[in-house]
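The values are calculated or read from the model by the stated rules, or taken from the named source; none is laboratory data. Predicted, not measured: the structure shown is a model, and the values here were computed from it. Note: ideal-geometry Cβ built from the backbone for every residue, glycine included; neighbour counts use all protein chains shown.
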Amino acid sequence: MYSDTLKNWLNSSYLSKNNQSYIEQIYKDFLKNPNSIDSSWIEVFKQLSVESNYNNQYSDNLKNNTYSKLEYNIASRDSHAQDNTCSDITYIQILQLINSFRIYGHQCAALDPLQLRNSEYKNYLLDLESYNFVLQNLQRKFDITHFGIHKESMTLLEIYEFLKKTYCGPIGIEYMHILDINIILWIQNHFESTEGMFKFHSEEKKQFLEEIVSAEGIERYLGIKFPGVKRFSLEGGDVLIPMLKEIIRYSVCHHNIKEIFLGMAHRGRLNVLVNILGKNPQDLFDEFSNKHRTPCGSGDVKYHQGFYSDITVNGEIIHLSLLCNPSHLEIVSPVVMGCTRARIDQLLKESIHHDEKKCNIVLPITIHGDAAISAQGIVQETFNMSKTRAYDVGGTVHIIINNQVGFTTSNIHDIRSTQHCTDIAKMIQAPIFHVNADNVDAVVYVTRAALNFRSVFKRDVIIDLVCYRRHGHNEADEPSVTQPLMYKKIRNHPTLLNIYSDFLNKTGIINTNEISQMINTYRETLEKKCCVLNKWKPIHIRASLHTNSLHKNKNVLHSNKINIQYLKNLAYRISDIPSSIAMHSRVKNIYHERIEMALGNRLFDWGAAEMLAYATLLDQGISIRLSGEDAARGTFFHRHAVIHDQNNGTKYIPLMHLINTKENKKGSLFIWDSVLSEEAALAFEYGYASLANNMLIIWEAQFGDFSNGAQIVIDQFISSSEQKWGQLCGLVMLLPHGYEGQGPEHSSSRMERYLQLCAEHNIHVCVPSTPDQMYHILRQQATCDMNCKKPLIIISPKSLLRHPVVTTSLENLAYGSFKTVLNEIDDNIVSNKIKRVIICSGKVYYDLLIQRRKNEQYNIAIIRIEQLYPFPYTNIQVILASYSNVQDFTWCQEEPKNQGAWYYIQHCFHNIISKNVTLNYIGRPDAAAPAVGYFSVHQQQQKKLIDDALNLN
């Protein structure tokens with residue numbers, strides 16, 4: 001490793017050969033840290049001039065690094081040369097040293113407050129001795145301005161110390177995976193310019209201490225008052241409270257943020273409710289004591305509840321919304337994004353000239369757990385959406401409460417396959433700032449850096465808050481069972497309040513009396529059961545997610561009756577495509593037929609009626625957001641809301657030409673082809689619909705079957721949010737459904753699952769079978785009062801979209817309304833001659849109708865139920881009254897017996913038909929899969945169930 005010069009010196013020394021290994025070890029220690037050896041040796045090594053002699057290992061590293069071939073050739077040429085005044089080889093060494101710290105420095109950063117894993121990862125590229133610098137260069141100054149460091153010159157030792165302070169202190173920075181050089185340079189400048197020093201004035205530090213007092217104070221108070229009760233304590237991650245407060249302060253003062261949407265799981269949630277959002281401690285204590293007011297619905301546990309407040313910071317009102325979140329921890333992340341995007345879109349609509357800068361006042365924050373962010377697939381889906389046009393929110397600030405153990409797993413290697421839990425974020429090239437949660441100043445510095453980055457680049461940014469859990473997974477847990485060594489260390493580890501107060505006391509910023517006074521004051525406030533946000537008053541607690549400004553149009557009423565001539569003109573306007581647009585031949589034919597429909601020469605098909613419904617809403621000032629896989633075109637080639645010019649690829653959106661007028665009363669239109677995701681995409685739309693007002697929000701599944709990929713969203717948000725949290729949502733789900741022989745995953749939307757979720761008037765489940773029914777139900781959903789909105793599940797058709805019988809007249813569109821039940825339509829069916837009444841829903845109706853007409857069976861009536869839930873008892877009873885003499889009632893469905901609506905519908909009918917009347921089932925037998933995989937078998941099954949339904953023998 002050493003040159004001949006060094007060996008000769010060692011051999012001539014009075015220490016001689018016997019102690020050569022000893023001298024070599026001292027020299028290694030000197031290269032690592034000059035101050036770690038005796039001062040006499042420091043002077044010896046500084047004065048000693050030796051050659052630079054590269055070993056094979058370093059040469060291989062140099063070859064594999066990211067330098068150019070020219071730089072490598074210079075290094076190879078000079079590898080055995082004497083060191084000159086300013087040799088190329090030394091500069092390449094310096095460049096590699098700097099580059100190594102920028103890439104790998106985070107691996108050796110002092111991130112773990114418990115110091116259990118700080119030395120787990122070693123990288124020899126961060127050791128000075130690995131570069132074989134000649135001794136005479138260690139104290140010589142080098143011009144380093146061309147390395148991106150904002151200093152004119154530094155010695156090698158100064159460079160090394162500078163790099164260690166910047167990249168291996170309490171902050172670990174990962175950013176060299178990013179391809180955008182502007183981002184890399186911005187981060188380098190931001191962190192390297194401070195040399196790892198965090199400069200806050202005394203009053204700021206006192207403020208941070210006061211906030212740590214509040215963080216620890218509420219946890220200790222709850223622990224004493226309610227021992228052993230599950231609360232998911234923040235203790236060990238207490239710095240989250242000053243961190244969130246700094247986000248609010250800094251965002252208001254420096255980035256003009258007016259609204260913050262916050263999503264988080266359980267840990268620290270109660271602390272955040274009290275110390276950040278201003279929830280009255282009395283209300284929280286009542287919840288612990290089971291004295292809380294009974295909610296309208298089923299309610300939820302306290303650490304799932306949301307909270308909404310408006311606070312005043314530096315004279316500015318800021319709206320804070322902590323969103324409700326179930327126990328599927330990460331599912332709230334896309335919901336936060338959806339709420340944020342809804343607000344941004346509304347601000348854009350209200351902004352003059354659509355000034356995007358004025359709309360950049362909404363900040364989304366999501367708080368993750370270390371195990372959840374690396375393990376739950378919804379995280380990847382949400383990251384993937386972050387910069388797509390349909391879901392971009394200008395960047396989300398992600399905070400990881402990194403307990404280092406996940407939940408109760410004993411081995412970190414059972415939790416993930418990567419070094420850091422944040423590695424998933426590298427897929428979107430987000431910068432990752434790891435920070436030691438016991439270093440308050442470092443946490444606040446990183447927080448400001450993240451907010452500045454987000455403001456400049458409008459991208460996601462990650463803060464990995466490396467901390468620990470003082471009480472295990474929850475307060476009833478015994479963590480030492482699975483983490484004995486960690487919790488032995490935790491029991492002896494000082495709290496953050498002790499650490500930071502001792503630091504401020506030693507630096508003369510605050511004395512022990514003042515610290516005690518802070519603690520006592522907070523405790524007294526809790527005892528008085530008063531709001532603890534003294535500096536941020538006045539506080540307005542909102543009952544819902546909506547801010548006051550969003551309610552200004554809530555009482556706008558829209559008539560469902562439309563003048564037929566107006567409707568005719570509107571249908572023509574959205575179908576008349578300029579000749580300059582080169583349409584695909586099939587699309588051109590579709591729009592030609594729509595012109596004929598508008599002129600009254602053809603009946604309206606499904607696609608034309610749906611598009612006309614959107615046009616009427618937009619023209620009345622109601623906005624629309626339609627998204628889903630292939631939503632713009634329609635999976636089944638029926639919608640064509642966006643036309644692609646076949647010559648130049650440009651897009652033409654007919655509905656947009658209703659909006660592009662001088663009037664400001666028109667609605668906004670958003671049509672998006674979504675990412676190939678159900679769970680994150682649907683959660684996003686749920687969040688959007690929860691906040692949007694005077695708007696129709698539709699998510700369409702590519703096939704209804706695929707919605708099972710979003711079952712968490714459906715179970716824990718869409719079907720139950722009103723009952724659990726009082727959260728209203730008017731989202732529409734379009735679920736294509738129908739048995740056309742396309743196999744098990746392309747037939748059934750699994751409507752039985754939605755019907756099993758129906759209770760307490762929570763959702764609407766409808767199966768419209770005609771274009772006018774679809775037209776009216778969409779308009780009905782969009783125009784109902786905001787306070788009455790329910791999620792609407794539409795079991796939409798596939799083959800019926802172009803079925804020649806499935807049409808409607810302009811009169812039905814203009815003067816009709818949605819009907820929950822449709823009676824027999826054939827005039828030659830006389831009620832007193834009926835032998836059987838078939839009751840059904842959806843596509844099977846047309847199979848029955850066509851076959852009955854072929855058979856000329858006029859003694860069988862067919863009734864369609866268009867709304868399965870809430871079940872239309874009254875309307876059905878009125879219709880069945882005309883068939884009072886009939887004893888044979890049959891429910892016919894395409895789905896297997898254990899699926900579809902049968903088990904739901906039979907209970908409903910038993911409540912309205914007489915006891916001497918039976919309701920029979922006709923359909924496919926019980927099956928494990930929704931449908932068969934062979935078209936020939938499908939045809940046989942379909943023919944049999946139709947024949948059975950029409951066979952009176």
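In the stretch 686-705, the count of residues that are assigned to a loop (DSSP other than H, G, I, E, B), of a type outside the set (A, V, I, L, M) and either in contact with a Cys (Cβ under 7 Å, 6 or more places away or on another chain) or free of Cβ contacts under 8 Å to residues at least 24 places away in the same chain (or both) is zero. VAL767 meets the conditions (1) touching a Lys or Arg at 6+ places or on another chain (Cβ under 7 Å); (2) at pLDDT 95 or above in every case but one. The failed one is (1). For beta carbons closer than 8 Å, sequence separation of 6+ or different chains, a first residue in the stretch 210-226 that is assigned by TED's automatic domain parsing to the domain that holds ASN280 and farther than 12 Å from LEU497 by Cα and a second that is assigned to a loop (DSSP other than H, G, I, E, B) and acidic (Asp, Glu), the qualifying pairs are GLU219/GLU235; GLU219/ASP238; GLY223/GLU475.
For the stretch 417-448, the set of residues classified as farther than 26 Å from HIS493 by Cα and either among the aromatic types (Phe, Trp, Tyr) or assigned to a helix (DSSP H, G or I) (or both) consists of ASP423, ILE424, ALA425, LYS426, MET427, ILE428, ARG448, listed by residue number. Taking the criterion of being in a helix (DSSP H, G or I), among the small types (Gly, Ala, Ser) and either within 13 Å of ARG836 (Cα to Cα) or touching a residue at least 60 places away in the same chain (Cβ under 8 Å) (or both), the only residue of the stretch 866-890 that qualifies is SER882.
Quick one: is GLN115 assigned to a loop (DSSP other than H, G, I, E, B), at pLDDT 85 or above, surrounded by fewer than 22 Cβ atoms within 10 Å (Cβ to Cβ) and outside the structural domain of LYS488 (by TED's automatic domain parsing)?
Yes.
Exactly one residue out of ILE224, ILE181, ILE187, ILE218 is aliphatic (A, V, I, L, M) and in contact with a strand residue (DSSP E or B) (Cβ under 8 Å, 6 or more places away or on another chain), and it is ILE187. Beta carbons closer than 6 Å, at least 6 apart along the sequence or on distinct chains, pair a first residue in the stretch 777-798 that is farther than 20 Å from VAL821 by Cβ with a second that is of a type in the set (A, V, I, L, M, F, W, C) and assigned to a helix (DSSP H, G or I) for ALA782/LEU617; PRO791/ILE718.
In the stretch 327-348, the residues that are acidic (Asp, Glu) reach residues that are in a helix (DSSP H, G or I) with C-beta atoms within less than 6 angstrom, at least six apart or across chains, in these pairs: GLU330/ALA372; GLU330/ILE378; GLU330/VAL379.
Within the stretch 908-943, being part of a helix (DSSP H, G or I) and within 17 Å of ARG836 (Cβ to Cβ) holds for one residue alone: PHE909.
To keep it simple, each residue is scored yes or no on (1) in a strand (DSSP E or B); (2) more than 22 Å from GLU593 (Cβ to Cβ).
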residue	(1), (2)
LEU801	no, no
ASN812	no, no
ILE829	no, yes
VAL837	yes, yes
LEU849	no, yes
GLN857	no, yes
ILE863	yes, yes
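Test VAL301 against the stated conditions and say whether it is over 20 Å from SER214 (Cα atoms), surrounded by fewer than 19 Cβ atoms within 10 Å (Cβ to Cβ) and of a type in the set (Val, Ile, Thr). So VAL301 passes the test. Taking the stretch 143-166 as the search range and keeping residues that are charged (D, E, K, R) and assigned to a loop (DSSP other than H, G, I, E, B), which one is farthest from TYR104 (Cα to Cα)? It comes out as GLU152. For GLU740, the conditions (1) within 17 Å of ILE863 (Cα to Cα); (2) in a loop (DSSP other than H, G, I, E, B) are fulfilled apart from (1). The lone criterion from (1) over 27 Å from TYR308 (Cα atoms); (2) touching a Ser or Thr at 6+ places or on another chain (Cβ under 6 Å) left unmet by LEU755 is number (2). Comparison of GLY726, GLY649, GLY741 shows that the only residue that is more than 14 Å from GLY338 (Cβ to Cβ), in contact with a Cys (Cβ under 7 Å, 6 or more places away or on another chain) and surrounded by fewer than 21 Cβ atoms within 10 Å (Cβ to Cβ) is GLY726.
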